[in-house]
Structure formats: structure tokens, C-alpha cells
Amino acid sequence: MHCYENTVSYLSYGFILTGLVHLVLHRKAQSSYGRHMVPSCPVRKVPARPAWFLQEMPALLIPLLLMFLMQESSAVGKHLLLKTFCLHYFQRTFVYALLTRGQPLPLSVMMAAALFCSINGFLQAHYLLHCTHLEDEWLSGYSCKIGLLMFYTGMAINIHSDHILRNLRKPNEVVYKIPAGGLFEYVSGANYLGEIVEWFGYAVATWSLPTLSFAVFSLCFIGPRAHYHHRFYQEKFKEYPKSRKALIPFLF
């Protein structure tokens, strides 16, 4: 399959620009879902489990479809795609989505997330399968090793943090409690920190514009959400640990 270089560039720069715009527009308030849902806002909602399943699924299915349809591609591209990007979204689709106890999501939020996952799934898979020119020695290079170490470390943090959050609640319970354990001892957004580390590790491992653009987009989107979660905890719980930061241990 031909590499659509212009499309890859436009989408990559578009992700960076969209992330920066989101960062500016959401300085005073966060997207209305989860704990930041506006109670009086009359919107159509989707139960949490099917919502997360449906919105995450395209980022897994599209890369798998492109891999199935491709005629020629480097083993490096296949290996990297299967071990990183698809692994994350398999976990999000078939583990996180089916175990979550979160609140229903607005239909508009779910549709926007599904659209992004579709576009990003195509961008990352198409680039890795048809646009990269990585030598076999690349796998033993420092960039790949460091990047994959960051990715799997971030993924472990993300999964462990989600486990802690999920078990704060009893079934059918809709209350907020102070998370403890793991990196929650240092930051309020441990799950977000894990995912940000994942995608910057992915960008280091591939050393490409499309992967970097996704990492920047993730930082701009969920970084501020960690800040607002931190503020939420501080306002709701007087006993909230004062030494705990929002996203980066000991710093911010």
C-alpha cells in the first residue's frame, strides 16, 4: 500500500494543534463527563461500559484490519504495532471497559472519542506499516529500548491506578473517595500520568511525528483533567494530603 505522506503530516500537525486549542479552551472548566458532569445539563447518556467499549474499539480494529489487508510490510512495523499500540487498546476495550464502574457518558463525548480513536488508529497503523523505513538493528538501539521501557512502565502504572480507583467503590455505589496506594500517594492523576508516560515512550520508540503528535495530544487533553481532579479532591476532602501533587510527583 502506498504511503500517504501528506495525509500523515496533516493529521499529525492537526493533532498537535487540536491538543493545544483544547488546552487553552479548557483552562477554567473540563469536559462535562464523570465527576465534572454538569447536573442540570440535559444530554443523552450511554452507560459507562458500552460507551468505553464502543469508543475505544476503533483504535484496535482499524490497525488490525490494515495489518490483515497489507501486502508487504517490515517485520519491525508489525512487531511494534502489535506490542504497543494494539496492546494498549486491547486492554482498554476488553478489560477496562468491561470492568469500569464509572458514570454514564454523554453520547456526544462518546462519539467524539470514537471519531478520534478511528482517525488515530488509522494514522498510527498506516504510518508504521507503510511509511516507516526502520532497519532491523533499530530494535537493539537505545531509542527503541528506552521507549518500550517507558511504554510498559506507563501501562503498568495506568492499569494499577485504574484498579485502585475501581475498587474504591462498591457495586452500584456512586461516591468519591480519596485514592491511596501506588503513585496516588504522590499525585491525584496517577492513571493519567501512566498513560502520558505510555505515549511518550511510544513516541521515543518510534521516533516519528505521528506518534509524537499523539503523545502531545494526550498530554494536552488528560493533563489538565488531572489538575481539575486534584482541585476536586482538595475542595471535597479537608483531609486530602497536602503534599500530593496533581500530575508530576513533587512538582505539579
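Any read-out appearing in this document is the output of simple, stated calculations on the displayed coordinates, not a laboratory observation. Remember, predicted model here, so these are calculated numbers, not experimental data. Glycine also receives a Cβ, built like all others from the backbone with ideal geometry; neighbour counts cover every protein chain displayed.
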Gaussian network model of the chain, Cα springs within a sub-10 Å range: biggest mean-square fluctuation belongs to which of His88, His229, His79? His79
Hey, can you rank 145-155, 118-128 by average C-beta count inside 10 Å, highest first? 118-128, 145-155
Computed ³J(HN,Hα) along the stretch 217-231: with the Karplus parameters 6.51/-1.76/1.60, θ = phi - 60°, integer Hz and x for glycine or proline, the list is 4, 4, 4, 5, 8, 9, x, x, 5, 4, 4, 6, 4, 4, 5
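Which order do the peptides 232-242, 197-207 take when ranked by the mean count of other beta-carbon atoms within 10 Å per residue, highest first? Mind showing how you got there, number by number?
Working: 232-242: 12.0, 197-207: 22.5.
Descending mean neighbour count gives 197-207, 232-242.
As an exercise, use a Förster radius of 25 Å and the Cβ-Cβ distance of Leu25 and Phe250 to find the FRET efficiency, rounded to the nearest 0.05.
Working: r = 29 Å, r/R0 = 1.16.
Given R0 = 25 Å and the Cβ-Cβ separation, E is 0.30.
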Can you pull the Kirkwood radius for the chain, inverse mean 1/r over Cα pairs, to one decimal in Å? 19.1 Å
Once Rh for the stretch 99-201 is found with the Kirkwood sum over Cα pairs, what is the Stokes-Einstein diffusion coefficient at 10 °C and 1.306 mPa s, in µm²/s? 97 µm²/s
Return the long-range amide H neighbours of Val46 (sequence gap of 5 or more, or a different chain), with a cut-off of under 5 Å between placed amide H atoms. Leu105, Leu107
Using each residue's phi in the stretch 163-168, evaluate 6.51 cos²θ - 1.76 cosθ + 1.60 at θ = phi - 60° and report the 3J(HN,Hα) Karplus result to the nearest Hz, with x for Gly and Pro. 4, 4, 5, 5, 8, 6
Residue-by-residue Karplus 3J(HN,Hα) for the stretch 175-187, coefficients 6.51, -1.76, 1.60, Hz, glycine and proline x: 9, 10, 10, 6, x, 9, x, x, 6, 5, 5, 10, 9
